[in-house]
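One structure is given below, encoded as structure tokens.
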Amino acid sequence: MQALKLPARRGWLWLAGGFAIFRKNPPMLTFLVASYWILAAIISLIPVIGAIVATLCIPAFSVSLMNACRELEQERPISPALLFSGFRENPRALLTLGGVYLVATISILALSAIADDGLLMDKMLFGTPLSDETVGSPQFLAATHIALILLTPLVMAYWYAPALAAWHGLPAAKALFFSFVACLRNWRAFVAYGAAIMVFGALIPGIVLGLLAVLMPQSVIFFAELFSVPLLLILAPTLFASFYASYRDVFVAVDENV
């Protein structure tokens, strides 16, 4: 297992690589992403255990979408059945990854409660409504900062872990370790990747809507609603495909099937 150390400019190209994969079959990739979101939302509605089950399934669904992106890149057709393909590849490790992510996230939110008496944790875990005054309070902002700082290494460890577990047969601990090291080695590329997402996902749409607000102030809400759904249906599958593009660039294939 070898992770390449890439220059920052490669991170900027991951989003473009994701869009190139998306263009190979926009309807089906969009269908798979939307189906995943809908299915996860339905599972989460199950009382008591729904949110837990949905979280445990995230790694397997992530692999399913990565499988779809890999098939598209290799010019092979994809079908709805791919949505569940990740559940067949090293399921024990993927289930463990989901459990680790769940426990770690809850633990981080619990630690953030030191700053705001658990307001952020209640909001994130139980959807407790909070007033604007509470959200803007120094205590809530401090808890948010604590959570973000602690979540960063967790996201780094988890970023490539499902693919490494499924495609390379690694146990959960090794998959988390290699993922963390790969992200750490390529932090510059990830900064550029984040910048690309901000530019194309927020800055450019914001500028367009700003110009429309100046030119046609009476219609800005209409245009915002008109463009928001198509933008989401393009950006979301592109983002999922860019996860695969980053994996493809960072890891040297050791399996002929990868």
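Quick note: the coordinates plus some simple rules give every number you see, no bench work behind them. These figures come from a predicted structure and were not determined experimentally. Backbone-built Cβ (ideal geometry, glycine too); neighbour counts: all protein chains shown.
In whole angstrom, note down how far apart the Cα centers of segment 1-55 and segment 120-163 are.
21 Å
Any chance you could run the full-extension gain for Glu73 through Ile46? It's 0.36 nm times the residue separation minus the Cα-Cα distance, nm to one decimal.
Gain in length upon complete extension: 6.1 nm.
Could you give the length gained on full extension between Leu141 and Arg92, defined as 0.36 nm per residue of separation minus the Cα-Cα distance, in nm?
Values: separation 49, 0.36 × 49 = 17.64 nm, distance 3.73 nm.
Net length gain for the segment: 13.9 nm.
Which one, Ala20, Ala236, Ala41, has the greatest fluctuation when you compute a Gaussian network model over the chain with C-alpha springs under 10 angstrom?
Ala41
Please compute the contact order of segment 107-173 in relative form: average sequence separation of alpha-carbon pairs under 8 Å and at least six residues apart, divided by the residue count, as a percent. Display every interim value, and only then the final one.
Values: 44 pairs, mean separation 19.8, N = 67.
In percent, rounded to a whole number, it is 30.
Check Leu4: other-chain or 5+ apart residues with amide H under 5 Å from its amide H, H built from backbone geometry?
Those qualifying (amide H under 5 Å, at least 5 residues apart or on another chain) are Phe251, Val252.
Would you mind getting me the FRET efficiency between Leu184 and Glu133? Use the beta-carbon distance for r and R0 = 35 Å, nearest 0.05. Can you show the working numbers first?
Numbers: r = 39 Å, r/R0 = 1.10.
Efficiency, rounded to the nearest 0.05: 0.35.
In the chain, once you exclude exposed GluC sites (Glu not before Pro) (DSSP loop, at most 16 other Cβ within 10 angstrom), what's the longest stretch remaining? Can you show the working numbers first?
Numbers: sites that count: Glu75, Glu256.
For GluC sites (Glu not before Pro) (loop position, at most 16 other Cβ atoms within 10 Å), the longest site-free span of the chain is 76-255.
In percent, how large is the relative contact order of segment 1-91, given Cα pairs closer than 8 Å and 6 or more residues apart? Mind dumping the intermediate values first?
On the way: 59 pairs, mean separation 25.6, N = 91.
Across segment 1-91, relative contact order equals 28 percent.
Return a whole-number percent for the relative contact order of segment 8-250, with Cα pairs under 8 Å and 6 or more residues apart as the contact set.
On the way: 272 pairs, mean separation 78.0, N = 243.
Result for segment 8-250 is 32 percent.
Report the residues of segment 1-29 in range of a label on Val199: point 7 Å along Cα→C-beta, backbone N strictly under 15 Å from it.
The answer is 8-19.
Grab the Cα-Cα distance for Val103 and Ile207, subtract it from 0.36 nm times how many residues apart they are, and report the gain in nm with one decimal. Spell out each step's value before the answer.
Numbers: separation 104, 0.36 × 104 = 37.44 nm, distance 3.97 nm.
This chain segment gains 33.5 nm when fully extended.
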